[in-house]
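Enquirer: Before anything else, here's the structure in question.
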Amino acid sequence: MILKKIIKRLLLVLLLVIMHSATSLCADFLEKGLSALESREYTQAVQSLSAGIESEPDKPDYFRYRGIAWHFLGAYDKAVLDYSKALEKNQKDGATFFNRGLSFLKLEQYHRATVDFGKTIEITPVDDRIKLRLAWILSTCSEKTVRNGSLALKLVLSVYEKKPEDADILDILAAAYAENGMYIPAAKFQKKAVTLLKTTSKRKKDAYQQRLKLYQLKLPFRYSLKLAIQAGAYKYRKHAEQKLKQFRDNHLPARLVEIQSNQKQWFLVRSGIFTSLPDTLAEKKEISEKLNITVIVRPYQEL
């Protein structure tokens with residue numbers, strides 16, 4: 001009888017040891033996965049977090065962090081699947097809705113991206129970091145259906161009031177004003193951002209300066225910057241074709257672009273597709289002087 005009690009107690013102790021070891025092992029998988037993410041070792045992160053999922057398939061953290069790793073590896077479809085599994089287990093995870101929205105953007109599933117961004121704001125209305133990231137996307141995304149200038153401005157202004165001297169916040173604020181067509185305040189705040197910017201990164205300094213030049217030219221900034229030179233916007237195709245002939249007679253490249261704006265059809269005469277503002281301005285000057293006409297710089301595929 002005493003022996004049976006001793007055996008039962010030993011079995012209980014053994015079971016507790018096994019449970020503790022399993023718990024420690026699962027925690028170890030998560031810790032290793034997060035460490036790999038911080039070190040940008042995304043393949044290693046996927047391996048560690050996948051092992052964790054095998055041990056604890058109902059734990060959402062493994063899926064949400066593995067989704068981040070898949071995103072940085074460029075496997076956006078796998079990232080979406082993992083984010084979705086995490087959200088099945090926790091519908092109040094605003095950061096994961098936001099991250100899934102970013103992956104949807106990469107997959108060019110723009111409507112789904114905007115739905116997720118909306119969920120993010122509903123769930124985490126006081127998270128300034130997410131507000132700023134979302135405001136930037138809503139102001140600068142190259143896809144028109146994603147952009148929402150009024151919401152972007154509202155979001156960034158709520159953060160700007162707390163930190164009016166932060167260069168990065170001013171940069172986002174300027175982009176939001178530009179998306180709303182308010183180029184005077186856009187240039188004003190971007191100029192202030194350039195002044196306050198504290199960085200040794202030449203790339204970042206140049207990017208801030210380029211955005212300032214865009215706003216001074218009354219142009220919005222797009223995350224995937226594509227610019228074109230426009231020689232006219234016409235309601236009638238025949239008028240656009242006349243202008244197009246002028247380009248071709250002078251051996252200058254040009255094309256006719258049809259765009260719908262406010263339920264109206266417009267025919268644009270465009271030349272070039274540029275990703276550099278200095279190159280665009282140089283070409284603009286050459287065309288203007290050669291044809292003796294006024295041309296403007298416009299975002300590619302926008303009126």
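Enquirer: How about the stretch 96-120: which of its residues are surrounded by fewer than 17 Cβ atoms within 10 Å (Cβ to Cβ) and among the aliphatic types (A, V, I, L, M)?
Expert: L107, V115 - these are the residues of the stretch 96-120 that are surrounded by fewer than 17 Cβ atoms within 10 Å (Cβ to Cβ) and among the aliphatic types (A, V, I, L, M).
Enquirer: Something else about it: State which residue is farthest from Q109 (Cα to Cα) when the search covers only the stretch 49-85 and only residues that are among the small types (G, A, S) and surrounded by 24 or more Cβ atoms within 10 Å (Cβ to Cβ).
Expert: G52
Enquirer: I'd like to verify a number: residues in the stretch 157-180 that are outside any helix (DSSP H, G or I) and without any contact (Cβ under 8 Å) to a residue 24 or more places away in the chain, how many?
Expert: 3
Enquirer: Something else about it: For the stretch 255-272, what are the residues that are surrounded by fewer than 19 Cβ atoms within 10 Å (Cβ to Cβ), out of contact with any Lys or Arg (no Cβ under 6 Å at 6 or more places or on another chain) and at negative phi?
Expert: Of everything in the stretch 255-272, those that are surrounded by fewer than 19 Cβ atoms within 10 Å (Cβ to Cβ), out of contact with any Lys or Arg (no Cβ under 6 Å at 6 or more places or on another chain) and at negative phi turn out to be L256, E258, I259, Q260, S261, K264, Q265, W266.
Enquirer: Tally time: how many residues in the stretch 286-303 are over 25 Å from the mean Cα position of the chain (by Cα) and either surrounded by 11 or more Cβ atoms within 10 Å (Cβ to Cβ) or of a type in the set (S, T, N, Q) (or both)?
Expert: 10
Enquirer: A further question on this structure: Give the residue, chosen from I184, I121, that is more than 18 Å from Y223 (Cβ to Cβ), modelled with pLDDT of 90 or more, assigned to a helix (DSSP H, G or I) and not charged (D, E, K, R).
Expert: I184
Enquirer: If you take just the strands (runs of 3 or more DSSP E) that sit entirely in the stretch 227-303, which of them hold at least 1 residues that are over 23 Å from L214 (Cβ atoms)?
Expert: 227-234, 255-261, 264-274
Enquirer: Conditions: (1) of a type in the set (A, V, I, L, M); (2) within 22 Å of S158 (Cβ to Cβ); (3) crowded, with 21+ Cβ neighbours inside 10 Å. I123 meets all but one. Number of the miss?
Expert: (3)
Enquirer: Further question on the same structure: Mind listing whichever residues of the stretch 248-268 are farther than 19 Å from K218 by Cβ and not charged (D, E, K, R)?
Expert: Once the filter is applied, which keeps residues that are farther than 19 Å from K218 by Cβ and not charged (D, E, K, R), the stretch 248-268 yields N250, H251, L252, P253, A254, L256, V257, Q260, Q263, Q265, F267.
Enquirer: Say whether the condition of being among the hydroxyl-bearing types (S, T, Y), under 17 Å from Y223 (Cα atoms), part of a helix (DSSP H, G or I) and modelled with pLDDT of 90 or more is met by at least one residue in the stretch 144-156.
Expert: no
Enquirer: Then there is this: How about the stretch 99-126: which of its residues are out of contact with any helix residue (DSSP H, G or I) (no Cβ under 6 Å at 6 or more places or on another chain) and of a type in the set (A, V, I, L, M, F, W, C)?
Expert: L102, V115, I121, V126
The values are calculated or read from the model by the stated rules, or taken from the named source; none is laboratory data. Keep in mind the model is a prediction, meaning the values are calculated, not measured. Because the Cβ atoms are built from the backbone with ideal geometry, glycine has one as well, and the counts that use them run over all protein chains shown.
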